[in-house]
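Below: the structure, in structure tokens.
The values are calculated or read from the model by the stated rules, or taken from the named source; none is laboratory data. This structure is a prediction, so every number in the text was calculated from the model and none was measured. With ligands, DNA and RNA removed, areas are computed over all heavy atoms of the protein, side chains included. Shrake-Rupley method; radii C 1.70, N 1.55, O 1.52, S 1.80 Å.
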Amino acid sequence: MGDALEEPWWDTEPGTGGTPDPSDDEAIEKASENRTATHQDSDSKPAVKKKRKQPTECFLSQPEEKQESAVKAKRRKKKKISDVLQKSAPKPGVPADLQNLLSQHFGENRSVIEIEELKLSDSCFLPANDLTHSFSSYLKEICPKWVKLRRSHKEKKSVVMLVLCSSALRSLELIKSMTAFKGDCRVIKLFAKHIKIKEQMNMLEKGMFHIGVGTPGRVKTLVEQDALCLNSTKYMILDWNWRDQKLRRMMDIPEIKKETINLLEKSIIKLCRDGSVKLGLF
């Protein structure tokens, strides 16, 4: 009984293992609350949004496929000569057609005085084909004195009648179809296919021919090189109404049209205005 009482296991002094101080519990609770609050604050903060660039105005081009389809549609809408002919029967050419063609061609690049000098009056033309004639019957109608003319023709490097058409094959067709008209007169082929220009120049220089049938390009070249003289020519016939497999007339073909107009301008129109050459539209 006289032994001293043992001290309790906890230390009386704070922080030395004694009885825990209630203030320490409060500090621990505050620290945990602070951590929780900090975590909540970090969760509650709104996410930072990146600034978006303002959209700029732009123009979208059509896709290539759409553009190609649009071009094809436009091409389809273009009228063809065959479509026009289906709706209306072909009309025979008349002198006014050639006069209008020349006016349209020269109207943009020539002065008023120059255009007047290139105009052809009705007296420059022979009766036009009404699409009822063969080539021989048409020539007989417009050249009633042909026999006398061919007999009196003695000059070389020239022809009495000049026939212009769109191709070499058409030239051969016309030569065959004029058999009933030409009789024994001589015909020279004036186109470029299979015939060299030197051969034609030699033939014109050495021989005498009454009728020349060919394309405007070759005839123009022969005239420019003085191999063909038109002073003795009395008739010039344009194969105006005939159509090829594509239903094109000679004046519907750009190259033939250009060469024909150049030949008319440089050589034929002046002779027509002087009255020595007559024009016919077959």
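Couple of notes before you dig in:
- Rounded, prolate or oblate (a/c below 1.5 giving rounded, otherwise prolate when a/b exceeds b/c) for region 150-282 by Cα gyration tensor: rounded
- Annotation: GLU255 carries an accessible surface of approximately 120 Å², with a 1.4 Å probe and no ligand, DNA or RNA atoms counted.
- Solvent-accessible area of LYS246 with every protein chain in place, 1.4 Å probe, in Å² to the nearest 10: 140 Å²
- Prolate/oblate/rounded call for region 199-246, Cα gyration tensor, a/c under 1.5 rounded: prolate
- LYS278 long-range amide H proximity, modeled H, under 5 Å: TYR235, MET236
- Percent of Cα pairs exceeding the 25 Å cut-off, where the set is region 78-208: 47 percent
- Sequence of TYR138, TYR235 from largest to smallest accessible area, 1.4 Å probe: TYR235, TYR138
- Centroid-to-centroid separation of region 218-282 and region 115-148 [C-alpha atoms, Å]: 13 Å
- Heavy-atom surface analysis with a 1.4 Å probe gives region 198-282 a carbon and sulfur content of 47 percent of its accessible area.
- Accessible area expressed per residue, region 181-257, with surrounding protein chains retained (probe 1.4 Å, Å²): 50 Å²
- At a probe radius of 1.4 angstrom, the accessible area of region 119-167 per residue rounds to 52 square angstrom.
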